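Undergrad: Structure provided below as structure tokens; questions to follow.
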Amino acid sequence: MAEAEVAYKFLLDTSKKNNHNKLHNFLISSKVISIKSRSNNLSVDFFLIKTIISQQVSVKAAQSIWLKTYTYISNSKELSEDGLRNQGLSRPKASYIYDIFYNKELKSLSKNKILNMKESDIDNFFLNIRGVGPWTLCSLKMFYLSSPDVFITGDLAINKACNELMLEENSPMKDYAPYRTYLCLYLWASLNQT
């Protein structure tokens, strides 16, 4: 059985056991969601750039700015922060992206190298990069590394879904380990149903 199906069954059973009835009913009506369908083939530096662009903007705006930024980076011999700002980025985001693009240590990391690092080393390495905070680190673990057990705290949509489904807001949802990434995917999906 695929991990996504195992996770789905686990979430169904756990939501029922914990009397999270609204979540349980939503899960019953949902299709199985896979992390793998969300992962992509970007290098880690481009993944971080795309994730930073998506912070605190709408999905549509993030997609537009990402496409312009990706085109600019791909066609430039040398980046500048002003050039990045001309793609629709704020001054801080342009600065973060500039630093990430020219980070040689980051460029030397493949997905396999990161997967072979201890979790504490991953946390320390990425949190020491300007522009990468806990939310971005969680996104990296969820969607770049496809880790099945990450609960993304501080995400406004997750907090809203928890509230609507009568779950404890800002809780790490320990009962849903080892499939908290999948829990987040279903929580986000629940917002598209309302």
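Undergrad: Output the number of the condition that LYS36 fails; it satisfies all remaining conditions of (1) part of a helix (DSSP H, G or I); (2) surrounded by fewer than 19 Cβ atoms within 10 Å (Cβ to Cβ); (3) within 13 Å of the chain's Cα centre (by Cα).
TA: So LYS36 meets the others, but not (1).
Undergrad: Given the criteria outside any loop (DSSP other than H, G, I, E, B) and touching an Asp or Glu at 6+ places or on another chain (Cβ under 9 Å), does PHE143 qualify? Talk me through it step by step, then tell me what you get.
TA: Values: outside any loop (DSSP other than H, G, I, E, B): yes; touching an Asp or Glu at 6+ places or on another chain (Cβ under 9 Å): no.
No: the conditions fail for PHE143.
Undergrad: Still on this structure, I have one more. Quick one: what pairs do we get from region 165-188, first residue free of Cβ contacts under 8 Å to residues at least 60 places away in the same chain, second surrounded by 14 or more Cβ atoms within 10 Å (Cβ to Cβ) and among the polar types (S, T, N, Q), C-beta under 9 Å, 6+ apart or different chains?
TA: Between residues of region 165-188 that are free of Cβ contacts under 8 Å to residues at least 60 places away in the same chain and residues that are surrounded by 14 or more Cβ atoms within 10 Å (Cβ to Cβ) and among the polar types (S, T, N, Q), the close pairs are GLU169/ASN159; ASN170/THR153; ASN170/ASN159; SER171/THR153; PRO172/THR153.
Undergrad: Restricting to region 111-140, and then to whatever is open to solvent by less than 20 Å² (accessible area, probe 1.4 Å) and part of a helix (DSSP H, G or I), can you tell me which residue is nearest to GLN56 (Cα to Cα)?
TA: Checking each candidate, the answer is THR136.
Conditions tested, residue by residue: (1) in contact (Cβ under 8 Å) with a residue 12 or more places away in the chain; (2) not in a loop (DSSP other than H, G, I, E, B).
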| site | (1), (2) |
| --- | --- |
| GLN63 | no, yes |
| GLY83 | no, yes |
| GLY88 | yes, no |
| ALA94 | yes, yes |
| LEU109 | yes, no |
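Undergrad: Residues in region 55-79 that are small (Gly, Ala, Ser) and crowded, with 18+ Cβ neighbours inside 10 Å: how many? Steps first, answer last, please.
TA: Of all residues in region 55-79, those small (Gly, Ala, Ser) come to 58, 61-62, 64, 74, 76.
Those still in the list that are crowded, with 18+ Cβ neighbours inside 10 Å too: 62.
Adding up the residues that qualify gives 1.
Undergrad: So which of VAL57, VAL132 ends up being under 22 Å from TYR186 (Cα atoms) and of a type outside the set (Lys, Arg)?
TA: Values: VAL132 fails: under 22 Å from TYR186 (Cα atoms).
Answer to the selection: VAL57.
Undergrad: State which residue pairs qualify: first residue closer than 18 Å to LYS36 by Cβ and inside region 146-157, second residue buried (at least 20 other Cβ atoms within 10 Å of the Cβ) and among the acidic types (Asp, Glu) in any location, beta carbons under 9 Å apart, and separation of 6 or more residues or different chains.
TA: Listed by first residue and then by second, the contacts come to nothing, as the list is empty.
The values are calculated or read from the model by the stated rules, or taken from the named source; none is laboratory data. Note that the structure is predicted; figures quoted are calculated from it, not measured. Cβ atoms come from the backbone with ideal geometry, glycine included; neighbour counts cover every protein chain shown. All accessible areas refer to the heavy atoms of the entire protein, side chains included, with ligands and DNA or RNA removed. Shrake-Rupley method; radii C 1.70, N 1.55, O 1.52, S 1.80 Å.
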